[in-house]
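This report refers to the structure that appears directly beneath it.
The values are calculated or read from the model by the stated rules, or taken from the named source; none is laboratory data. Given the structure is predicted, the values throughout are model-derived calculations rather than measurements. In this analysis, Cβ positions are derived from the backbone assuming ideal geometry, glycine residues included, and neighbour counts consider all displayed protein chains.
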Amino acid sequence: MTAGRVRAAVIGVGHLGRHHARILSDLKGVELVGVVDVNPQRAQEIAEIHRTKALAPGDLAGAVDAVVVATPTASHAEVARPLLERGIAVLVEKPIARSIVEADAIIAAGRAGGTIVAVGHTERFNPAVEAARGRLIAPRFIEVHRLGTFPDRSLDIDVVFDLMIHDLDVILSVVDSPVAGIDAVGVAVLTPKFDIANVRLRFESGCIANLTASRISRDRTRKIRFFQPDSYVSVDYAAQELEVWRLVRPASGLPAIEGGIVPVTNEEPLKRELQDFVDAVRDRRPPKVTGEDGRRALALAAQITERMTTVGER
């Protein structure tokens with residue numbers, strides 16, 4: 001780092017990577033050294049917009065402290081490992097990799113290089129999720145709906161790895177208990193992969209989570225609801241809105257339900273995620289979402305899709 005500034009780069013400036021470049025170019029204490037893409041014209045276009053350079057992967061050694069890897073999932077390990085082994089901190093977009101073997105290789109490379117591995121589970125940085133976290137006490141039932149229109153990206157992976165994995169990561173960060181059972185149904189509609197999935201998770205604590213994810217819906221919905229003794233907590237990810245309702249038991253008289261919308265200061269979750277990553281690099285501390293966190297979410301997603309495959313074959 002130069003004068004406390006973190007030198008950063010983005011590899012892969014497609015649908016999501018361009019937003020990483022946009023935010024890093026304006027983030028205080030960061031110098032966006034350059035962007036890399038398999039399409040040189042695309043790299044040059046994004047570089048010009050954000051007043052930086054279009055680089056080749058070989059140009060990064062010795063020139064950067066941190067790199068965001070926003071390439072297709074299949075190349076995450078191939079791109080991230082050499083950087084980590086050189087001691088360059090890396091934020092890998094979710095899912096961390098396409099397999100547990102590759103995820104372990106990324107984490108091992110970070111340890112070998114003595115540097116940070118962060119994973120881009122952006123919903124952890126959603127202001128409404130962060131505001132809800134302190135109000136969650138032993139949820140007993142969790143319901144998730146994440147529905148989106150058909151995308152022009154991420155068609156190389158199932159909807160579980162593309163969309164549902166966001167919610168799997170949030171749930172795993174809230175429910176401190178091993179998964180005891182999985183029931184899952186998936187359907188391939190417009191691609192050879194699962195485009196819609198419904199999953200029921202049972203945790204050893206007794207908590208149940210029911211998740212639906214679709215990338216073939218007409219409307220966009222991104223909500224998670226928590227039901228726990230005497231209270232209900234609802235998060236609208238997209239609107240960044242939080243509702244909390246509680247059962248109040250007075251000393252005398254009938255119980256009453258009180259609550260409503262809780263004020264939340266809206267902010268772009270991706271910006272909060274990148275700020276945490278940059279601060280972790282500068283302060284030499286673990287990021288909020290570590291490589292191990294990304295591996296846990298990936299492992300559960302893999303178990304779910306394996307179960308869906310098994311169900312489909314019966």
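From the list Asp167, Asp176, Asp158, Asp183, which residue is free of Cβ contacts under 8 Å to residues at least 40 places away in the same chain, out of contact with any Pro (no Cβ under 8 Å at 6 or more places or on another chain) and of a type in the set (D, E, K, R)?
Values: Asp167 fails: free of Cβ contacts under 8 Å to residues at least 40 places away in the same chain; Asp158 fails: free of Cβ contacts under 8 Å to residues at least 40 places away in the same chain; Asp183 fails: free of Cβ contacts under 8 Å to residues at least 40 places away in the same chain.
Result: Asp176 is the single residue among Asp167, Asp176, Asp158, Asp183 that is free of Cβ contacts under 8 Å to residues at least 40 places away in the same chain, out of contact with any Pro (no Cβ under 8 Å at 6 or more places or on another chain) and of a type in the set (D, E, K, R).
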Legend entry - Boolean, Gly294 is under 16 Å from Val69 (Cα atoms), in contact with a strand residue (DSSP E or B) (Cβ under 8 Å, 6 or more places away or on another chain) and of a type in the set (Gly, Ala, Ser): yes
Legend entry - Pair list, Cβ under 9 Å, 6 or more apart: segment 21-44 residue hydroxyl-bearing (Ser, Thr, Tyr), other residue surrounded by fewer than 22 Cβ atoms within 10 Å (Cβ to Cβ) and in a helix (DSSP H, G or I): Ser25/Ile49
Legend entry - The listed residue being touching a strand residue (DSSP E or B) at 6+ places or on another chain (Cβ under 7 Å), over 14 Å from Pro269 (Cβ atoms) and part of a helix (DSSP H, G or I), out of Ile137, Ile171: Ile171
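So which residues in segment 222-271 are within 22 Å of the chain's Cα centre (by Cα), among the acidic types (Asp, Glu) and over 30 Å from Ala21 (Cβ atoms), if there are any at all?
Of all residues in segment 222-271, those within 22 Å of the chain's Cα centre (by Cα) come to 222-226, 233-242, 264-271.
Cutting the leftovers down to among the acidic types (Asp, Glu) gives us 236, 241, 267-268.
Within segment 222-271, no residue meets the criteria.
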Inset, instruction - Tell me, please, whether a residue that is more than 30 Å from Ala184 (Cβ to Cβ) and in a helix (DSSP H, G or I) can be found in segment 247-261. - result: no
Legend entry - Which listed residue is out of contact with any Lys or Arg (no Cβ under 7 Å at 6 or more places or on another chain), free of Cβ contacts under 8 Å to residues at least 12 places away in the same chain and under 20 Å from Ser173 (Cα atoms), from Arg285, Arg295: Arg285
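Condition first: under 24 Å from Pro72 (Cβ atoms) and either within 10 Å of the chain's Cα centre (by Cα) or not hydrophobic (A, V, I, L, M, F, W, C) (or both). Can you find one or more residues in segment 126-145 that meet it?
Looking for residues that are under 24 Å from Pro72 (Cβ atoms) and either within 10 Å of the chain's Cα centre (by Cα) or not hydrophobic (A, V, I, L, M, F, W, C) (or both), one finds none in segment 126-145, hence no.
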Legend entry - Search result, residues across segment 1-54 that are β-branched (Val, Ile, Thr), surrounded by fewer than 19 Cβ atoms within 10 Å (Cβ to Cβ) and within 27 Å of Asp162 (Cα to Cα): Val38
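Residue-by-condition table, conditions (1) of a type in the set (Phe, Trp, Tyr); (2) over 23 Å from Thr305 (Cα atoms); (3) in the same structural domain as Phe150 (by TED's automatic domain parsing):
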residue	(1), (2), (3)
Met164	no, no, yes
Phe194	yes, no, yes
Ala197	no, no, yes
Phe203	yes, no, yes
Ser217	no, no, yes
Ser231	no, yes, yes
Ser234	no, yes, yes
Val244	no, yes, yes
Val248	no, yes, yes
Legend entry - Scope segment 250-269; condition loosely packed, with under 13 Cβ neighbours inside 10 Å and in contact (Cβ under 8 Å) with a residue 12 or more places away in the chain; matching residues: Ile257, Glu258, Gly260, Ile261, Thr265, Asn266
Legend entry - Of all residues making up segment 203-219, the number that are at negative phi and loosely packed, with under 15 Cβ neighbours inside 10 Å: 4
Legend entry - Residue selected from segment 82-100 under the condition of a type outside the set (A, V, I, L, M), within 23 Å of the chain's Cα centre (by Cα) and outside any loop (DSSP other than H, G, I, E, B), by the criterion nearest to Ala43 (Cα to Cα): Glu93
Inset, instruction - Can you run down the residue pairs with Cβ atoms below 6 Å, 6 or more apart or on separate chains, where the first is in segment 187-209 and touching a residue at least 60 places away in the same chain (Cβ under 8 Å) and the partner is β-branched (Val, Ile, Thr) and in a loop (DSSP other than H, G, I, E, B)? - result: Cys207/Val175
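Confirm whether Asp162 is modelled with pLDDT under 95 and more than 23 Å from Pro263 (Cα to Cα).
On the way: modelled with pLDDT under 95: yes; more than 23 Å from Pro263 (Cα to Cα): yes.
So Asp162 fits the description; yes.
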Inset, instruction - May I ask you to list pairs of residues, at least six apart or on different chains, whose Cβ atoms are under 8 Å apart, with the first in segment 82-97 being within 25 Å of Lys271 (Cβ to Cβ) and without any contact (Cβ under 8 Å) to a residue 40 or more places away in the chain and the second being among the hydroxyl-bearing types (Ser, Thr, Tyr) and surrounded by fewer than 24 Cβ atoms within 10 Å (Cβ to Cβ)? - result: Leu84/Thr115; Ile88/Thr115; Val90/Thr115
